[in-house]
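The values are calculated or read from the model by the stated rules, or taken from the named source; none is laboratory data. Quick caveat, the model's predicted, so the values are computed rather than measured. Methodologically, a virtual Cβ is constructed for each residue, glycine included, from the backbone with ideal geometry; neighbour enumeration extends over all protein chains shown.
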Amino acid sequence: MRAKYLAERDKRLVPGRTATLDLEGDPGAVRYLEDPFTPVTEREPVHTGVDVLVVGAGIAGLLVAHQLRAHGIEDVRLIDRAGDVGGTWYWNRYPGVMCDVESYIYMPLLEELDYVPRDRYASGAEIHAHLDAVADRFDLRRGGLFHTGVERAVWDEGAARWLVTTDRGDELRARYYVLAVGILNRLKVPALPGLDEFTGRTFHTARWDYDYTGGGPDEPLTGLRDRSVALVGTGATGIQIVEPLGAAARQVYVVQRTPSAIGVRDNRPTDERFTDRIGPGWQSERMDNFQAVMAGLRVDEDLVDDAWTHDYASVVNPRREPGQSGEDFVRSIEEFDYRVMESHRRRVAELVDDPATAESLKPFYRYRCKRPCFHDEFLSAFNRPNVELIHAPAGIERVTEHGFVVDGGEYQVDCIIFASGFEPELTPIHRRAGHQIVGRGGRTLAEKWADGAATLFGVTTGGFPNLFIMPAPGQQAVVTVNYTHLAVFGAEFVAGTIAALRDAGVEWFDVDPAAEQAWVQQVLDRHVDGSRFLADCTPSRINNEGDPAAMDPRSGNYGGGFGDFFGYRELLRSWLADGRFDGFELHGGTTDP
């Protein structure tokens with residue numbers, strides 16, 4: 001099986017597999033970024049000052065704005081390229097869109113809004129509606145600038161303010177600047193030869209074109225009745241779309257480079273007795289319980305009890321039996337991994353009628369090599385006579401005027417839909433932010449992080465005063481399967497720190513270089529080189545598309561591995577409660593030396 005895994009990997013190690021279009025720099029590609037959901041409203045440029053400017057109006061941005069208001073900081077503005085709040089759930093409205101993390105722990109502020117999700121795993125529409133409700137309840141749209149992209153943010157030392165300019169002509173002066181830009185926010189479109197020659201329609205799933213397909217996220221795609229469609233990609237997005245496309249289009253070609261490991265989602269309506277079993281603090285308790293299970297900690301009860309906590313937690317954080325040798329421990333991990341992957345391969349064989357199609361859909365790699373997926377309808381969709389899998393380990397060769405070519409054969413289609421995902425979580429923050437950030441002495445964040453991340457706590461960085469970065473992968477914080485859990489704590493810490501600085505009369509702060517270096521060194525000291533394991537993996541965003549040696553140890557986490565979430569939270573809470581701002585250089589007010 002090891003040899004089989006390596007052979008499957010080698011099929012996909014092809015030149016150009018990572019080539020994507022420059023969606024912002026190429027005039028012919030910028031259309032992939034246009035908002036198909038909300039018309040742009042003309043407005044006059046805004047010239048004003050603000051206490052806190054938050055870039056990003058998704059879950060992280062909404063949470064930090066809510067926390068700031070809870071601390072009595074009212075002068076907060078959200079700014080986002082989208083036409084409204086929602087972030088990921090504003091942009092991703094493709095048919096069948098759902099979250100595969102349990103809704104009761106993923107959807108934030110459920111207790112505060114006295115809301116219980118309709119299903120165990122919420123649809124994108126329900127999540128988006130809930131985030132709308134959060135913005136309404138806490139008045140978070142007030143002063144918000146939507147359909148607005150930041151072009152440049154510059155620290156003005158004399159004024160102790162961030163000077164922020166936008167593509168709408170705005171000039172904003174912010175005391176504090178918070179980057180809440182998300183972790184999967186830069187969509188990818190493969191740079192396929194001949195793509196510009198295609199005469200049909202193309203779009204990315206994060207900008208779904210309902211004007212062309214008809215219907216809606218939970219409605220039949222009536223515009224595809226007489227059309228042939230290619231769906232490129234079978235990751236977490238692509239697997240959700242095949243069934244709705246198959247039910248609507250004349251012909252669907254599903255183009256797959258690497259099959260996903262697709263476990264049972266087992267979605268179902270929320271039990272009527274759910275509210276009888278919960279009390280005050282239930283959501284945070286459930287979030288902590290899930291995180292504990294995922295971290296390999298012992299709990300009295302697995303409250304979520306799904307495929308994440310059964311399979312993924314056991315593979316990522318396996319338990320070592322007393323007296324077990326290192327060699328036996330490693331072998332036991334591989335054997336458990338093999339059983340998990342065999343169960344996925346058996347599921348394919350059981351659900352897909354055509355043996356050849358089933359064989360191509362079977363995942364042959366270690367479970368940790370690629371993001372696991374969970375779905376209940378994807379595999380059986382290939383039993384539809386109008387749904388055909390195009391297995392293309394080396395990818396699409398080229399696009400033609402009327403279709404695409406794989407293995408020398410042309411497939412004619414009316415539309416190509418790219419379910420090709422986003423740049424990986426480890427994309428540096430200065431790139432995810434999408435604009436130039438200039439700190440003290442004219443140094444940009446990109447220049448400072450040219451050799452890797454450098455932070456204190458994964459949320460601040462020296463030379464960039466009064467700048468906070470919401471914690472995320474790749475920036476020396478911690479990683480969670482349930483990103484909302486990290487965003488909840490990140491918002492608590494960032495808003496709490498800003499409020500504490502205000503109460504102490506601090507005008508501005510910077511990070512002490514020695515404290516930053518100590519934090520970076522702590523991350524490096526706990527780094528475990530997993531490149532040998534990852535080098536055997538099929539290419540994916542998990543192993544830097546087959547080049548794990550290029551992965552930067554400075555992009556690691558507090559505590560090593562996925563990070564020590566509970567230790568990280570306790571450390572930062574204690575730091576904030578202490579009130580001495582250790583590691584900060586304070587200026588202004590009563591604290592000015």
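Of these, A477, A495, A487, which one is part of a loop (DSSP other than H, G, I, E, B) and under 27 Å from N185 (Cβ atoms)?
Answer to the check: A477.
Can you go through R207, R227, R250 and tell me which one is surrounded by fewer than 19 Cβ atoms within 10 Å (Cβ to Cβ), in contact with an Asp or Glu (Cβ under 9 Å, 6 or more places away or on another chain) and modelled with pLDDT of 95 or more?
None of the others qualify; the one that does is R250.
If you take the residues of region 408-437 that are more than 30 Å from Y94 (Cβ to Cβ) and surrounded by fewer than 21 Cβ atoms within 10 Å (Cβ to Cβ), which of them is nearest to the chain's Cα centre (by Cα)? Even if it seems obvious, please write down each step before you answer.
The initial filter retains those residues of region 408-437 that are more than 30 Å from Y94 (Cβ to Cβ), namely 408, 436-437.
From what's left, surrounded by fewer than 21 Cβ atoms within 10 Å (Cβ to Cβ): 408, 436.
Values: G408: 35, Q436: 21 Å.
Only one residue tops the list, namely Q436.
Specify the residue that is surrounded by the most Cβ atoms within 10 Å (Cβ to Cβ); the eligible residues are those in region 25-55 that are without any contact (Cβ under 8 Å) to a residue 24 or more places away in the chain and not in a helix (DSSP H, G or I).
The residue in question is D26.
With the requirement that a residue be in contact with a Ser or Thr (Cβ under 7 Å, 6 or more places away or on another chain) and in a loop (DSSP other than H, G, I, E, B), what does region 394-425 give you?
E401, H402, V413, D414, A419, G421 - these are the residues of region 394-425 that are in contact with a Ser or Thr (Cβ under 7 Å, 6 or more places away or on another chain) and in a loop (DSSP other than H, G, I, E, B).
Got a number for residues in region 197-251 being within 22 Å of the chain's Cα centre (by Cα), in a loop (DSSP other than H, G, I, E, B) and of a type in the set (S, T, Y)?
Number satisfying all stated conditions: 2.
With the requirement that a residue be part of a loop (DSSP other than H, G, I, E, B) and under 19 Å from V101 (Cα atoms), what does region 279-296 give you?
Those that are part of a loop (DSSP other than H, G, I, E, B) and under 19 Å from V101 (Cα atoms): A295, G296.
Of the conditions (1) among the aliphatic types (A, V, I, L, M); (2) over 22 Å from the mean Cα position of the chain (by Cα); (3) more than 18 Å from L21 (Cβ to Cβ); (4) not assigned by TED's automatic domain parsing to the domain that holds R440, L192 satisfies every one except a single condition; which number is it?
In the conditions (1) among the aliphatic types (A, V, I, L, M); (2) over 22 Å from the mean Cα position of the chain (by Cα); (3) more than 18 Å from L21 (Cβ to Cβ); (4) not assigned by TED's automatic domain parsing to the domain that holds R440, L192 misses (3) alone.
Looking at Y90, Y94, which is the one that is aromatic (F, W, Y) and touching a Ser or Thr at 6+ places or on another chain (Cβ under 7 Å)?
That would be Y94, the only listed residue that is aromatic (F, W, Y) and touching a Ser or Thr at 6+ places or on another chain (Cβ under 7 Å).
Do you know which residues across region 457-472 are within 15 Å of R569 (Cα to Cα) and either surrounded by fewer than 22 Cβ atoms within 10 Å (Cβ to Cβ) or aromatic (F, W, Y) (or both)?
Residue satisfying the conditions is F457 alone.
Pairs only if they're at least six apart or on different chains, beta carbon under 9 angstrom, first in region 63-77 and under 18 Å from F489 (Cα atoms) and in the same structural domain as R502 (by TED's automatic domain parsing), second among the acidic types (D, E) and assigned to a helix (DSSP H, G or I); list them, first residue then second.
L63/E492; V64/E492; H66/E112; Q67/E492
In region 116-135, what residues are under 19 Å from the mean Cα position of the chain (by Cα), in a helix (DSSP H, G or I) and either of a type in the set (D, E) or crowded, with 17+ Cβ neighbours inside 10 Å (or both)?
Scanning region 116-135 gives G124, E126, I127, H128, H130, L131.
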